[in-house]
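Notes for the one structure printed next.
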Amino acid sequence: HFTEAGLHTRAVEAWRQAGQHSAARSAYVEAIAHVTKGLEVLAGLPETATRIEQELALHLLRGTALQTTKGNATPAVEQVYNRARELSQQVRESPQLLQALLGLRGFYQVRGDFHTARELGEQAVALASRVQDPELVAYAHYSLGHTMFSLGAFATARAHFEHGVASAAAVS
């Protein structure tokens, strides 16, 4: 209704919420449709910090839904997370940047480009350490450990897994 009424700012928020509700119920195809509509409406709004944050939230939600429905290796996943990384760097260093980096790391991991996955994983670990959120630190280390294991660097992989477990234990 907000879209049809020309209330674009409220419409974008409504499409995001609809996408979140759909994703929460594992209706990922529906979530993608809602988020895509939100992005279409958002394209008509002026470039502001709020618009960038809204677009970032929509892309991150879309990335998760695409990974679930299409798989990590689909080119759309790379496109969405690259755009999310660009947007998050415009706003500030944040957990959203971490989510974009880890989404891209997963894309390259599944594609077998372990060196790029490692670089992204290392960036994610560094960022998670600066953000100082134990859950994010645990996930970033686990992700990098997975990549290092794939590269055959077993001792390094183990160190990352152990660091991830220690960080996760700090959350409990």
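For this structure, a couple of remarks:
- Surface calculation, 1.4 Å probe, protein heavy atoms: Val125 sits at approximately 20 Å² accessible.
- Theoretical ellipticity at 222 nm over the chain - DSSP helices of four or more residues, -39500 (n - 2.57) apiece, nearest 500: -27500 deg cm²/dmol
- Counting only protein heavy atoms and a probe of 1.4 Å, the accessible surface of region 83-172 is 53% carbon and sulfur.
- Each peptide among 43-55, 140-152 gets the average number of other Cβ atoms lying within 10 Å of its residues, and from highest to lowest they stand as 140-152, 43-55.
- When the Gaussian network model of the chain links Cα atoms closer than 10 Å, the mean-square fluctuations of Gln132, Gln109, Gln99 top out at Gln132.
- Rolling a 1.4 Å probe over the protein heavy atoms gives the chain an accessible area of 52 Å² per residue.
- Tensor-based shape of region 10-90 (alpha-carbon gyration tensor, a/c under 1.5 rounded, otherwise prolate or oblate): oblate
- Largest accessible area first, the residues Tyr139, Tyr81, Tyr108 order themselves as Tyr139, Tyr108, Tyr81 under a 1.4 Å probe with ligands, DNA and RNA left out.
- Residues whose placed amide H lies under 5 Å from that of Leu7, excluding near-sequence neighbours: none
The values are calculated or read from the model by the stated rules, or taken from the named source; none is laboratory data. Model, not experiment: these values are computed from the prediction. As a convention, Cβ positions derive from the backbone with ideal geometry for all residues, glycine included, and neighbour counts pool all protein chains shown. Only protein heavy atoms, including side chains, enter the accessible area calculation; ligands, DNA and RNA are left aside. Shrake-Rupley method; radii C 1.70, N 1.55, O 1.52, S 1.80 Å.
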